[in-house]
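*Asks:* Mind looking over this structure? Questions follow.
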Amino acid sequence: MATTKVTRNRRTAKRPSRRRSPGATHVVIIGAGRGGTALMEIFANDPLVRIVGVADISDQAPGLGLAKRLHIRVTRNYRQLLKMGPVDLVIDVSGNPEVGEYLQDIRRMGVSVIGGASAKFMWQLIEARIRATADIEKALNKYQSLYRLYVKETGAAVTEERTRIACEIHDGLVQSLAGVNFKLELSQELIRKNPKASLATIRESKAQLKLAIQEARQVIFNLRPLHYDKMELIPALTNYLKSYETQYHIKTAFSVTGDETILFPRTKIFLFRIVQEALSNVQKHAKAGRVSVQLDIRFDLLQVTISDNGIGFDMDAVLRDPEKWDHFGIRGILERARLVGGEATIDSKKGRGTRIVLRIPLADKETIRHGKN
């Protein structure tokens, strides 16, 4: 007896202290298949439940490994398990009729027993909860990934916009103002020697100054293409395409079907930036003479098609070399599309131009609230 007592004390010392929690319900699980595994996963973190042991006649049962990791006693003989210490509840998920008959006697001894259809329903509910939790974690990981992408994209977009605006100001506005300054200095020198020539130079300076004012307004528009009081996408794209055609001498065509008021402001902003990115790529690489932008706003889907008649490129070669993605602006377009829950497909072949199709599913709340976010 003394030897047996010492052995029990040693076994108890190896088990975590949570197994001694006062007031906990002592549970025995018979069956370590899917049902037993689901029960252990849910009860393992419950401070009001202590799993006394798990029994299964198969050494290959999937739940036995989990039981050992949780320091739960494992045995093949469920009858021996029921004789160990106090047991408040027995859950039979073995599906064995012999076990069910034996547990009838246990029930008469005052021990609660859950078995048969009730036990199956119980573990199926628990398993469904575990799957739902896993799905939630998966969705959270997805949105966390998208958030990190959003932060990265936002930072890159800010740097990109600063560089583009700096180039616009340097190549356009600053050059025009420098020209006006030169003509005014020339006019100052001619005002006494040749008043008529001085007057003509002043007229030229005035005309050039008007152009500089227009360029300054365009720079300001590019900073805030969508006026935040109205958030109108179509007028913004119309003005941008007109300015693009004038600046780069690439003929533009713009067509729209549907009502933009069903779109969220965030969707409009990202869509404008995608079009801006795509047209910038056309100007840099395509050597195109014309480009078209088509907007199709349906109840449940927004589709944008951007196509040009430029020289195109080998899409397969670019996809095999991710370093070329940035060169052709593909990464920016694909990432911006993902950030609004959509996807972009790019079709291009050498000598046949490029076609970009953007599809963004519109959520119910987006269509019902008419874009008020």
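The values are calculated or read from the model by the stated rules, or taken from the named source; none is laboratory data. Keep in mind it's a predicted model, so treat the numbers as computed, not measured. Cβ: placed from backbone, ideal geometry, glycine included. Neighbour counts: every protein chain shown. These accessible areas exclude ligands, DNA and RNA; they are computed on the full protein's heavy atoms, side chains included. Shrake-Rupley method; radii C 1.70, N 1.55, O 1.52, S 1.80 Å.
*Asks:* Need the failing condition index for Asp105 against (1) more than 29 Å from Ala132 (Cβ to Cβ); (2) outside any helix (DSSP H, G or I); (3) open to solvent by 60 Å² or more (accessible area, probe 1.4 Å), just the number.
*Replies:* (2)
*Asks:* Please specify each residue of the stretch 171-196 satisfying the condition of being open to solvent by less than 80 Å² (accessible area, probe 1.4 Å), aliphatic (A, V, I, L, M) and either more than 19 Å from Gln214 (Cα to Cα) or not in a helix (DSSP H, G or I) (or both).
*Replies:* Within the stretch 171-196, Leu186, Leu190 meet the criteria.
*Asks:* Which one of Ala278, Ala317 is crowded, with 21+ Cβ neighbours inside 10 Å, within 29 Å of the chain's Cα centre (by Cα) and part of a helix (DSSP H, G or I)? If you could, list the steps in order and put the result at the bottom.
*Replies:* Working: Ala317 fails: crowded, with 21+ Cβ neighbours inside 10 Å.
Just a single option satisfies the conditions, and that option is Ala278.
*Asks:* Next question, about the same structure. Assess whether Leu146 counts as being assigned to a helix (DSSP H, G or I) and modelled with pLDDT of 70 or more. Explain how you work it out, then say what you get.
*Replies:* Working: assigned to a helix (DSSP H, G or I): yes; modelled with pLDDT of 70 or more: no.
For Leu146, the condition - assigned to a helix (DSSP H, G or I) and modelled with pLDDT of 70 or more - is not met.
*Asks:* Check whether at least one residue in the stretch 16-23 is at pLDDT 50 or above and assigned to a helix (DSSP H, G or I), and report yes or no.
*Replies:* Within the stretch 16-23, none of the residues are at pLDDT 50 or above and assigned to a helix (DSSP H, G or I).
*Asks:* Another question about this same structure. For the condition without any contact (Cβ under 8 Å) to a residue 40 or more places away in the chain and either assigned to a strand (DSSP E or B) or open to solvent by less than 30 Å² (accessible area, probe 1.4 Å) (or both), what is the one hit in Ile51, Ile91, Ile57?
*Replies:* Details: Ile91 fails: without any contact (Cβ under 8 Å) to a residue 40 or more places away in the chain; Ile57 fails: either assigned to a strand (DSSP E or B) or open to solvent by less than 30 Å² (accessible area, probe 1.4 Å) (or both).
Testing whether each residue is without any contact (Cβ under 8 Å) to a residue 40 or more places away in the chain and either assigned to a strand (DSSP E or B) or open to solvent by less than 30 Å² (accessible area, probe 1.4 Å) (or both) leaves just Ile51.
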